[in-house]
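Report on one structure; see the data block that follows.
The values are calculated or read from the model by the stated rules, or taken from the named source; none is laboratory data. Quick caveat, the model's predicted, so the values are computed rather than measured. Every residue, glycine as well, gets a Cβ built from its backbone with ideal geometry; the counts of neighbours run over all protein chains shown. Accessible surface is based on the protein model in full, side chains and every heavy atom, while ligands, DNA and RNA are left aside. Shrake-Rupley method; radii C 1.70, N 1.55, O 1.52, S 1.80 Å.
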Amino acid sequence: MNYLSKDIRTIHNAILDGKVTPLDLVIEAISLAKKDNNNAFEYICEKEAIQKAKSLDKNKISKLLYGIPVVIKDNYATKDIPTTASSNILNGYVPVFSSEVVTRLENEGAIVIGKSTMDELAMGGTGTNGHLGITYNPWDKSHTHIIGGSSSGSAASVSAGIVPFSIGSDTGDSVRKPASYAGLVGLKPTWGRISRYGLFPFACSLDHVAYFTRNVFDSACILNVLAGRDDKDFSSSFKEVEDYTKQLDNPLLGKKIAVIKEINDSVSSQTIKEQFNKTVAFLRDNGAVVDEISIDQKLLRAIYSTYIIIASAEATSNYASLDGIKFGNRIDGNSYEEVVKKTRTAGFSAYAKRRFVIGSLSLLKENQNELFLRAQKCRRLIVNAFNKVFEKYDAIYAPASPTVAPLIKTTKVQIDNDSLIADNYMAFANLGGFPSITIPIGFCDGLPFGGNLTAKPFDESNLLNIANELEKKTGLANIVAGK
Amino acid sequence: MELEAIIGLEIHVQLKTKSKMFSSALVSFGCPPNTNVDLSDMAFPGSLPTVNKKAVIYAIQMANALHMQIDDTLIFERKNYFYSDLPKGYQLTQHYRPIGKNGYVEIEEDGKIKRIGILQLHIEEDACKQMHLKNKSLLDFNRAGIPLLEIVSLPEINSGREAAKYVEEIRSIVTYLNISDGKMEEGSLRVDINVSVKEKGSLGYGTKVEIKNLNSISNIQKAIDYEINRQQKIILSNEKVKKETRRYNEKQKKTELMRIKLDSVDYKYFTDPNIVPIKLSEDFIKSAIDSSPELAKQKLERYLSYGVSNNDARQLLADKDISNYFETGMKKCSYPKEFAKWINQEVLSYLNKYKISILDFNVSPSQLVELINLIKNNAISNKQAKQVFDKMVEANKDAKEIIDGMGLTQESDETELTKIIDEILDKNSQAITDYQNGRDKAIRYLIGEVMKVTRGKANPSLTNKLIKERIERR
Amino acid sequence: MKDVDINTLKTAVDRLMFELTDEEYSKLLEDFKIIMEHINFISEIDGVDEAEPMTFPFEVSNSFLREDVPHNISTTDALKNSNDVEDNLIVVPRVIK
C-alpha cells in the first residue's frame, strides 16, 4: 500500500500499528523522488535519509512526525546537504548548519528526503526560473502548465504523492499561490511565529516560513511543531504557542468573515467565481456571517507595487553576500573585483540581476524618498486598511488565484506590469505579517484551485478553525494528482 | 585675512566584550586566523544577527560618560557596499537612531576648560582583516563583527593640540570604563580627522580634508598642525583646497595624498529588518549606568579629597594601571599624599628607566605602603627609604627584612633612649600637656623628635612605651 | 525622480558587481518603466506621503538581548566552502581599490 499519498495521521497510525516502518517510507519516498518527472528536486538525500530512518530513536514513536518523510525547499540551510536556492552562484555550497525549521522537524522524527526546486533565490512566482529549469504541475501530465512558485518543487512533491508535507517559504504568495495550483493546503503563519534561522533571506521583512500539507489538520499539527520563540532569530515572537489542533472543530457560529468585492470582481474565471460563491454559501450554512465589503481599489492595486519595490530593495542587500569568496561558485579573475564581477555575472539569472538593479536604484539617496520609502509608507496604509477589516472580521476570504495554473507558454519571467488585483493581492498578508492559508476549493478542466483565508496576527487558531470547517464542506482534503 | 581651522573627529573604539556584536564568536586578539568566527561572520545564508547585551551596556555607559541623551530603543541600519573586508556586503550600524546623542567632553588648556560637543555615539561592527601581498590578499575573519562604538564630534576643535586633548579624554574615558583597551597603536582606538580652514568669523565651512591612518595621539597633533598650515598656505596663495583623503607620513612629518574624493559612495542605508526594535527598559539603562566604573574625573576628586596634590593625582590618573596600583595600596595606607608622591617619583622613574609597565613591577602596592608607613613612623629616614626601595626592587623582599639586613637596626638600649627622651620632654612641655588632655597626636610628635635625634634608629614601639612611662613619672 | 538613463543603470549595475549584456540593458529599461508605473499606482494613494514608513509588518518590539557568552564554529567549518584557502586564510587576488 502506498502510504505517502495519505495524510500524516494515517501514516502515523500505520507506523504505530507496525504496518509500515520509517525505513519503508523513506525507501519508497526516495524511489518516487527518483522517478519524479516534474523536476521537483534539487537534491535527493538518499544516503542521509536511509541512515536517519535506521537510527531513529524508537522512544519517539508516539510523535506524529516520527518516520514521516518531508521535502525541504532548497533555500533552507541543511547541514552537510547541498543547498543552492536554485541559483548557479550557490552550486557546490554545503551548509555547516541546519535551519531551525529542519532541526525542529528532525527532533520530532521527520526525515528529510530531498531538497526541492524553486524560482532562483525565491524571486518569482512561476516555478520556471530556477537553475534546473521549469518545475511542472503534477496535475497536468502533458507538462503544459506551471505549478507556480517560488516554492514549486515543494508543492509538486506533495501534490505528486511523494511526501505528505513539505516546507516552502512565502515572501509574496510563494506557498499560497502554488498551493492553489497544486490542490494543497498552504499555510503561512504570522511573521515571527516560526523562526527564520537558516532560511536564506530574500526580503526579511516579508519572508515567512510556510508549508504545504494535504489537509488543514496536518497543517495545524506542523504548526504545533514549528511555532515558537527562537533566540537565534531576533524577529522571533515571544507570544505563547497554542495547541493549534484544539479549536479546529469549533462551530463557525458567530464568526464574521469578509469577502472583498474588488478582489472577486477581478477574478477572470467564471468557474472559479461560481465555486468560490458556493464555498461562501458553505460558510454561511455553518453559521458564519459573511459580508461583502469594499477596499479602495487603488490601495489593492498598490499591493504588488509596494511588495515588488520593498522585496527588490531588501533582496539586493541580502544577496550582496553572494560573491564567491567565502562560499559558492567562485569564478577566477585577476583581481578581487574581477572575481566578484565574474562570479555574480555568471551566477545570477538575468531576472535576478534586474531585480537587484531595481532594488538598488530604489535605495539610492536621491531616489529613496520617491521609491523605497514611499513603498514603505504605502505598506503602512495597506496594512492599516486590512487591520481595519480585522477589527470587525475574524477573517478575509477570497479566491487564492484568479485562474487555475497558467500555461507555461504564456508565463513570463518578468516583473508584472498588469495590476490584476486577484492575481497579486495575497502579498498583503506578507506586508502585514498576517497568518494566511490557501485550501483547495474546486477544479476547472482537471486543474485544482484554492480559496485563501487570512486573519489578524497570531490568530492562527481561529484561521485554522475556519479553514478546517470549510474543508469539511468542500470534501477536498487529501487530494493527490493522478489518484 | 585671518584664518581659522575647523576640526571634527570620528573615533572608532573597539569594545572588549567576550563575544562579537551580532554573533557569538569570541573576541580575542592574536589568535590563529579564522578561529574566532560564527556563522554570520562568514555571512552564511540564513545566519541571523543577534545583539550582544554586554556591548549595549558598554554603549550606554559610554553615552552616559559623554553626557548624552540615551535612546531607549535600539534600531540598526544596513550600510551597503561591496568590499573585500565586508563579508555580508553590508555593515550593521546605527544610522538614523544612534544610541547616544548630543553630548560633550571637557578638555583643559592653559587652565581654561573648553567643551567639545559630541554629535552622536553609535554601535556598529568591525570588518575583517586583510593582508595584502604582492599578487594576492588574505582574509582573516576573526576581527569581522567585533563591536565598535563610533563617536562623532561636532566641528568644534580648532587646533592639533585641542584634538590631541580631546582624543586623550575619550581614551581616558573608555579605559576607565574598562570597555576598551583604547590603544591607538593596536587599532582598538582609531581616529579619522576632518580638517578645513576658513576665514575667521565667516559662515559655512572650507573644503574638508580627511586624514586617516593615525597611530598615536602625538601624530594626531602633528598631522593636524601640518595640515592646517598646508591649507592656510593654499588659501593664502588664492588656490583651492582639494577635497581628498590624506595620510600622515611619520618619517617626513607631513600629510600626503591617499586618494582624491570622487562622488561620495551612496551606502543605500535602510533599517535592518532582521532585528525588530529592542526596547531598553528604564531599569536596564539605569543599572548599566549605576554599574559604570568610576571615571578619571571622579577619581581625581576623590584623590584630592585624600589630600593628594593636584599634580600627583593627575599623574596617577594618566595611566589607569598606575591609578589601580595606587587604589590597591590605598586599602591599607593612611598616608595617601606620601604614597602618591612616592609612586610618581620613585616608582615611575624606575618604570621609565627600565621601560616596563607597572603591571610587571615586582614591588606590590602593600609592600610599598609598608615602606611609607616606616618612613611616617620615623623608623627610617627618607634617604634610607630610597636605599631600601632600591633593594626591595632588586631583591624582591619586604622593607622590614631589608632594613634588618642593611643594619639599619634600631636603638633599643633602654637607658640610652630614656636619656634622650627625658631631654626632649624637657623641651616640650606643651606636648606633654596635650598628651595629658588626650591628644594622641602629641605622642606621635614626640616620637618624631626622638627619631630626629636618633636619625631614625630608635625602636618605635619601645620609644612609644618609654615616652608614656616618662610622662607619667613627671 | 529623474528619468533613468542608460548611464544611471550602468553605474548601478557596476556598483552591484556584475555585468549585463546590451540586450539585458534594454530589458532592464523596460522593467524600470514598469516599476515607474507601479510607483504611480502608489503615488495615487491619498495620504501616502504623510504616512510613516513601515519596516516591520506590525508594531513589534522585544527587550531580549544575547548574553555575552562566546561560541565559535570550527575553522574547518568556516572555511570549507571557500575554494581558495591557504594556511587557514581565504585567498583572493589582490584587492585593487
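Report whether or not A:Leu248 is assigned to a loop (DSSP other than H, G, I, E, B), more than 26 Å from the chain's Cα centre (by Cα) and either among the aliphatic types (A, V, I, L, M) or surrounded by fewer than 19 Cβ atoms within 10 Å (Cβ to Cβ) (or both). So A:Leu248 fails the test. Only a single criterion out of (1) surrounded by fewer than 20 Cβ atoms within 10 Å (Cβ to Cβ); (2) modelled with pLDDT of 95 or more is not satisfied by A:Ile396, namely (1). Would you point out the residue of the range A:366-377, among those that are under 22 Å from A:Phe428 (Cα atoms) and within 7 Å of chain C (Cβ to nearest Cβ), that is most open to solvent (accessible area, probe 1.4 Å)? So the residue we want is A:Glu370.
Output the residue which, of all residues in the range B:180-222 that are β-branched (Val, Ile, Thr) and over 26 Å from the mean Cα position of the chain (by Cα), is surrounded by the fewest Cβ atoms within 10 Å (Cβ to Cβ).
From the range B:180-222, those β-branched (Val, Ile, Thr) are B:191, B:193, B:195, B:197, B:207, B:209, B:211, B:217, B:220; that's our starting set.
Now narrow it down to the ones that are over 26 Å from the mean Cα position of the chain (by Cα): B:197, B:207, B:209.
Values: B:Val197: 25, B:Thr207: 17, B:Val209: 22.
Across the range B:180-222, the extreme among qualifying residues is B:Thr207.
Candidates are the residues of the range A:316-342 that are among the aromatic types (Phe, Trp, Tyr) and in contact (Cβ under 8 Å) with a residue 40 or more places away in the chain; the one that is farthest from the other protein chains (Cβ to nearest Cβ) is A:Tyr319.
So which residues in the range B:67-81 are over 18 Å from B:Phe284 (Cβ atoms) and either surrounded by fewer than 20 Cβ atoms within 10 Å (Cβ to Cβ) or out of contact with any helix residue (DSSP H, G or I) (no Cβ under 8 Å at 6 or more places or on another chain) (or both), if there are any at all? Outline the logic, then answer.
So in the range B:67-81, the residues over 18 Å from B:Phe284 (Cβ atoms) come out as B:67, B:77-81.
Of everything in the range B:67-81, those that are over 18 Å from B:Phe284 (Cβ atoms) and either surrounded by fewer than 20 Cβ atoms within 10 Å (Cβ to Cβ) or out of contact with any helix residue (DSSP H, G or I) (no Cβ under 8 Å at 6 or more places or on another chain) (or both) turn out to be B:His67, B:Glu77, B:Lys79, B:Tyr81.
Can you list the helices (runs of 4 or more DSSP H) found entirely within the range B:323-396 that contain at least 2 residues being open to solvent by 60 Å² or more (accessible area, probe 1.4 Å) and under 22 Å from B:Asn459 (Cβ atoms)? Lay out the reasoning, then the answer.
On the way: elements: B:336-342, B:348-354, B:365-376, B:382-395.
It comes to B:382-395.
Selection of first residues in the range C:12-38 that are more than 8 Å from chain A (Cβ to nearest Cβ) and under 10 Å from A:Arg354 (Cβ atoms) and of second residues that are aromatic (Phe, Trp, Tyr) and surrounded by 15 or more Cβ atoms within 10 Å (Cβ to Cβ), restricted to Cβ pairs under 8 Å at least 6 apart or on distinct chains, gives an empty result.
Would you confirm whether or not the range B:26-36 contains a residue that is farther than 21 Å from B:Ile289 by Cβ and open to solvent by less than 10 Å² (accessible area, probe 1.4 Å)?
Our first condition is that a residue be farther than 21 Å from B:Ile289 by Cβ; within the range B:26-36, this holds for B:26-36.
Restricting the remaining residues to those that are open to solvent by less than 10 Å² (accessible area, probe 1.4 Å) gives B:34, B:36.
Yes, that holds for at least one residue.
Taking the range B:260-291 only, how many residues are in contact with a Phe, Trp or Tyr (Cβ under 9 Å, 6 or more places away or on another chain) and either part of a loop (DSSP other than H, G, I, E, B) or more than 14 Å from every other protein chain (Cβ to nearest Cβ) (or both)? I'd like the intermediate steps shown before the answer.
Here is the first cut: in the range B:260-291, the ones in contact with a Phe, Trp or Tyr (Cβ under 9 Å, 6 or more places away or on another chain) are B:265-278, B:288.
Now restrict to residues that are either part of a loop (DSSP other than H, G, I, E, B) or more than 14 Å from every other protein chain (Cβ to nearest Cβ) (or both): B:265-269, B:272-277.
Number of matching residues: 11.
Among B:Asn80, B:Asn52, which is the only one that is within 18 Å of A:Pro201 (Cα to Cα), of a type outside the set (Val, Ile, Thr) and either in contact with a Lys or Arg (Cβ under 7 Å, 6 or more places away or on another chain) or more than 14 Å from chain A (Cβ to nearest Cβ) (or both)? None of the others qualify; the one that does is B:Asn80.
Filter the range A:343-365 for residues that are surrounded by fewer than 21 Cβ atoms within 10 Å (Cβ to Cβ) and within 7 Å of chain C (Cβ to nearest Cβ); which is farthest from C:Thr11 (Cα to Cα)?
Going through the qualifying residues, I end up with A:Ala350.
Could you go through the range A:67-88 and let me know if any residue there is away from chain C (no Cβ under 14 Å), among the aromatic types (Phe, Trp, Tyr) and surrounded by 24 or more Cβ atoms within 10 Å (Cβ to Cβ). There is at least one residue in the range A:67-88 that is away from chain C (no Cβ under 14 Å), among the aromatic types (Phe, Trp, Tyr) and surrounded by 24 or more Cβ atoms within 10 Å (Cβ to Cβ).
Taking the stated definitions as given, is B:Asn135 among the polar types (S, T, N, Q), modelled with pLDDT under 95 and within 30 Å of C:Ser74 (Cβ to Cβ)?
yes
Which one of these is in contact (Cβ under 8 Å) with a residue 60 or more places away in the chain, of a type outside the set (Phe, Trp, Tyr), within 14 Å of another protein chain (Cβ to nearest Cβ) and open to solvent by 10 Å² or more (accessible area, probe 1.4 Å): A:Pro457, A:Pro406? Within the list A:Pro457, A:Pro406, the selection yields A:Pro457.
So how many residues does the range B:430-454 have that are more than 22 Å from B:Asn373 (Cα to Cα) and not in a helix (DSSP H, G or I)? Adding up the residues that qualify gives 2.
For the range A:99-118, which positions are in a loop (DSSP other than H, G, I, E, B) and either open to solvent by 30 Å² or more (accessible area, probe 1.4 Å) or without any contact (Cβ under 8 Å) to a residue 40 or more places away in the chain (or both)? Lay out the reasoning, then the answer.
Residues of the range A:99-118 that are in a loop (DSSP other than H, G, I, E, B), as a first pass: A:99, A:108-110, A:117-118.
If the condition is that a residue be in a loop (DSSP other than H, G, I, E, B) and either open to solvent by 30 Å² or more (accessible area, probe 1.4 Å) or without any contact (Cβ under 8 Å) to a residue 40 or more places away in the chain (or both), then A:Glu108 is the only one that fits.
Among the residues of the range B:82-118, the one identified as more than 29 Å from B:Ser19 (Cβ to Cβ), in contact with a Ser or Thr (Cβ under 8 Å, 6 or more places away or on another chain) and surrounded by fewer than 19 Cβ atoms within 10 Å (Cβ to Cβ) is B:Gly117.
Considering each of A:Ala302, A:Ala313, A:Ala288 in turn, give the residue that is within 30 Å of A:Arg379 (Cβ to Cβ), within 14 Å of chain B (Cβ to nearest Cβ), in contact (Cβ under 8 Å) with a residue 40 or more places away in the chain and not polar (S, T, N, Q). Spell out how you get there, then give the answer.
Numbers: A:Ala302 fails: within 14 Å of chain B (Cβ to nearest Cβ); A:Ala288 fails: within 14 Å of chain B (Cβ to nearest Cβ).
None of the others qualify; the one that does is A:Ala313.
Has the range C:37-59 got at least one residue that is under 30 Å from B:Val27 (Cα atoms) and open to solvent by less than 80 Å² (accessible area, probe 1.4 Å)? Checked the range C:37-59: no residue is under 30 Å from B:Val27 (Cα atoms) and open to solvent by less than 80 Å² (accessible area, probe 1.4 Å).
Could you please give the count of residues in the range A:21-49 that are more than 18 Å from A:Ser152 (Cβ to Cβ), buried (at least 17 other Cβ atoms within 10 Å of the Cβ) and of a type outside the set (Asp, Glu)? Within the range A:21-49, residues that are more than 18 Å from A:Ser152 (Cβ to Cβ), buried (at least 17 other Cβ atoms within 10 Å of the Cβ) and of a type outside the set (Asp, Glu) number 8. Open to solvent by 50 Å² or more (accessible area, probe 1.4 Å), in contact (Cβ under 8 Å) with a residue 12 or more places away in the chain and in a helix (DSSP H, G or I): is that true of A:Lys52 in this structure? In short, yes. Scanning the range A:438-447 for residues that are within 15 Å of A:Glu274 (Cβ to Cβ) and either open to solvent by less than 10 Å² (accessible area, probe 1.4 Å) or within 18 Å of the chain's Cα centre (by Cα) (or both) yields A:Ile441, A:Gly442.
Scan B:Ile11, B:Ile6, B:Ile57 and give me the residue that is open to solvent by 10 Å² or more (accessible area, probe 1.4 Å) and under 30 Å from B:Ile235 (Cβ atoms). Break it down into steps so the answer makes sense when it comes.
On the way: B:Ile11 fails: open to solvent by 10 Å² or more (accessible area, probe 1.4 Å); B:Ile57 fails: under 30 Å from B:Ile235 (Cβ atoms).
Only one candidate qualifies: B:Ile6.
Residues that are more than 7 Å from every other protein chain (Cβ to nearest Cβ) and touching a residue at least 12 places away in the same chain (Cβ under 8 Å): does the range C:57-76 have at least one? No, the range C:57-76 contains no residue that is more than 7 Å from every other protein chain (Cβ to nearest Cβ) and touching a residue at least 12 places away in the same chain (Cβ under 8 Å).
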